[in-house]
Structure formats: structure tokens, C-alpha cells
Amino acid sequence: MGCMRIADVQDDIDHELVSAEKIHAIIEHAAAQASEDYRGKDPLLVAVLKGAVNTLASFSQALSIPCQIDFMSLSSYGSGTVSSGTVTIRQDLSTDVRGRHILIVEDIVDSGRTLAWLVEELKRRGAASVEIFALLEKPARREVDVDVKYKGLEIPDEFVVGFGLDYDERYRNLDSIAVLKPAVYQGEQA
Ligand code: PRP
């Protein structure tokens, strides 16, 4: 089976940070725990587009219980790489969350602003519970306190791409997570 690996974009990548095997081990571990915690609760998995799509696909397939999935498109960043602190809804859920047990599935928690806002918004809409699985966290960038129940991996504050994470909409289909060479984005960092 073919897939895009680091060797296919070698010139743009500095080094691999999290292998495909490690990513799937983290997801399977969290999904096993969530399968116990949510048994009989018919959880709704909520993913924030677009970065969390790969994580949601793998996580939902690793669950051993029934679940539903839904998506939201949020904007928390301006055009650059620095968070503006404001969250707006580009595309809303199609599910009524009242009384639902929600598990937000995220690729990365950076400042925490997107998730902090989303947790409050889902509670405001009447969700019975709201918890979070985050594949990656960048503790050095955290600005807002967010309670991540299912923790993945803490990573350093480097520009990472792959497994859903992009730079300028590219590299999302890389099968592992890798550090981008600064030369790739330096021209846009003014
Ligand atoms: C990323 C990521 C989270 C958010 C985290 O999405 O998927 O949703 O940023 O940042 P925060 O913790 O500082 O709020 P991004 O805005 O890059 O959009 P994308 O998922 O479409 O790439």
C-alpha cells in the first residue's frame, strides 16, 4: 500500500519527531481507555477541521464501542503563525449536542485557546459532558488552561507537520509527524 513518507518530501523535512507506529500506539492506548469510559454512553466525537481529521479517523476506528462523529471548522489564527486569540465558527456541527457525551478529538493543543473556547461553547449548548483527547501538546506555547483527559505526547515548540498538521495546506498526508526545515517557511515569517 502506498503512502507519503518522509522520504517523499525529504528536502523539506529536518527530522522525524513522531513515527507512524508511535502515533498509532498513542491513539490505540487512548481509544482503549475511552472505550471503557464511554461504554453505553454513545459518545459524539467532535473534530476541529482540518488538522484533526487524520487523528479522528484513526481514533474512531480504534474504539471498540459505537460512536458518532461530527466536525466543526473554527478559525483561531490570523494569516500568520501567531494566534489572534479570537475564535470564530466557519462551519458548525450538524448534531444537536444537548444531553450528549462529547469527546473532542484534536491533533494539537498549542495556546489552548481553540479548545478552551470549544469546551465552553459545547457546555453552553447543553452537552452532558465534554472531554478531550489530544494527540500532541506544546506545553511551551500554552496560554490558557485546558483539561486534556486523554493525553498523547508532549512535544517541543518546533514547526511540525504531518498526520493532519500542515504548513500552507501541505504535508497533511504525511504518515508521521516531522519538523519542517526553517527554510521552507522562513520567507513568510516576517
Ligand atoms: C490548529 C489545531 C488546533 C489549533 C490549536 O488548527 O488543529 O485546532 O490550531 O491551536 P490553539 O491551541 O493555539 O488554539 P489550525 O488553526 O492550524 O487549522 P487546521 O487544523 O485547519 O490546520
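Brief remarks on what is shown
- Residue ranges 30-36, 176-182 sort as 176-182, 30-36 when ordered by packing (mean number of other C-beta atoms within 10 Å per residue, highest first).
- A simple packing score, the average count of other Cβ atoms within 10 Å per residue, orders the peptides 40-51, 119-130 as 40-51, 119-130, with the highest score first.
- GluC sites (Glu not before Pro) restricted to DSSP loop in segment 144-190 with at most 10 other C-beta within 10 Å: E169
- Taking amide H as placed 1.01 Å from N in the peptide plane, the amide H of A52 sits under 5 Å from that of D107, each at least 5 places away or on another chain.
- Shape of the chain, Cα gyration tensor, a/c cut at 1.5: oblate
- Under the Karplus curve 6.51 cos²θ - 1.76 cosθ + 1.60, θ = phi - 60°, whole-Hz ³J(HN,Hα) for segment 125-131, x wherever Gly or Pro sits: 7, x, 4, 6, 7, 9, 10
- Most simply put, segment 20-156 has about 15% antiparallel DSSP beta bridges, counting only bridges with both residues inside it.
- Among D166, D157, D107: highest mean-square fluctuation, GNM of the chain, C-alpha pairs under 10 Å: D157
- Percent RCO, i.e. relative contact order, over the chain, from Cα pairs under 8 Å lying at least 6 residues apart: 25 percent
Every read-out reported here was derived from the displayed coordinates using simple, explicitly stated rules and does not represent laboratory data. None of the values given here were measured: they were computed from a predicted structure. Cβ sites come from the backbone with ideal geometry, for glycine too, and all protein chains shown count toward neighbours.
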